[in-house]
1. Just the residues that are surrounded by 15 or more Cβ atoms within 10 Å (Cβ to Cβ) and either closer than 21 Å to Lys56 by Cβ or acidic (Asp, Glu) (or both), please, taken from the range 10-26.
2. Report, by residue number, each residue of the range 55-64 that is touching a Lys or Arg at 6+ places or on another chain (Cβ under 7 Å) and part of a loop (DSSP other than H, G, I, E, B).
3. In the set Glu55, Glu81, Glu30, Glu64, which member is of a type in the set (D, E, K, R) and crowded, with 19+ Cβ neighbours inside 10 Å?
4. Report the residue count in the range 57-83 for those that are hydrophobic (A, V, I, L, M, F, W, C) and under 14 Å from Asp40 (Cα atoms).
5. Which of the residues that make up the range 12-38 are touching a strand residue (DSSP E or B) at 6+ places or on another chain (Cβ under 7 Å), within 13 Å of Ser50 (Cα to Cα) and either assigned to a helix (DSSP H, G or I) or not aromatic (Phe, Trp, Tyr) (or both)?
6. Pairs under 7 Å by beta carbon, first residue outside any strand (DSSP E or B) in the range 65-79, partner among the aromatic types (Phe, Trp, Tyr), six or more apart or different chains?
7. Filter the range 39-54 for residues that are part of a loop (DSSP other than H, G, I, E, B) and aliphatic (A, V, I, L, M) and give the result.
Amino acid sequence: MKKDESIIELITEINKEIGENKYLLKDFWEGDLCAIGFSDLNEEILIYVSTFEREKGNYYIEIEKSNKEFPDKYDMLDRKEKVNFKELKLILQNYL
């Protein structure tokens, strides 16, 4: 996977803090080197994370829930313009 160093570092830290077997990594944005997705194991929740034009350790996130009628589509649950790593970790733990 080719991603910006900020995303690689984020994945490494999430793996240390939460464990890589607690989520599925989703890369629907291959052309966006500063974005990645974390999904629950049932693929019902998707948390999009972007580091684009963010200070180190701050993230833009969108929390989405899969649409039962259209499985490839997601409905927005929440959006946060700026969360730090501690906040992101809690969000991931709560949703995944």
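1. Once the filter is applied, which keeps residues that are surrounded by 15 or more Cβ atoms within 10 Å (Cβ to Cβ) and either closer than 21 Å to Lys56 by Cβ or acidic (Asp, Glu) (or both), the range 10-26 yields Leu10, Ile11, Ile14, Ile18.
2. none
3. The conditions single out Glu64.
4. Within the range 57-83, residues that are hydrophobic (A, V, I, L, M, F, W, C) and under 14 Å from Asp40 (Cα atoms) number 1.
5. Result: Lys26, Asp27, Cys34, Ala35, Ile36, Gly37.
6. Asn67/Tyr74
7. Leu41
Residue-wise test of (1) at pLDDT 95 or above; (2) among the acidic types (Asp, Glu); (3) out of contact with any Lys or Arg (no Cβ under 7 Å at 6 or more places or on another chain).
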{"position": "Thr12", "(1), (2), (3)": "yes, no, yes"}
{"position": "Trp29", "(1), (2), (3)": "no, no, yes"}
{"position": "Asn67", "(1), (2), (3)": "no, no, no"}
{"position": "Lys82", "(1), (2), (3)": "yes, no, yes"}
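The values are calculated or read from the model by the stated rules, or taken from the named source; none is laboratory data. Since we're looking at a predicted model, the values are computed, not measured. Cβ atoms come from the backbone with ideal geometry, glycine included; neighbour counts cover every protein chain shown.
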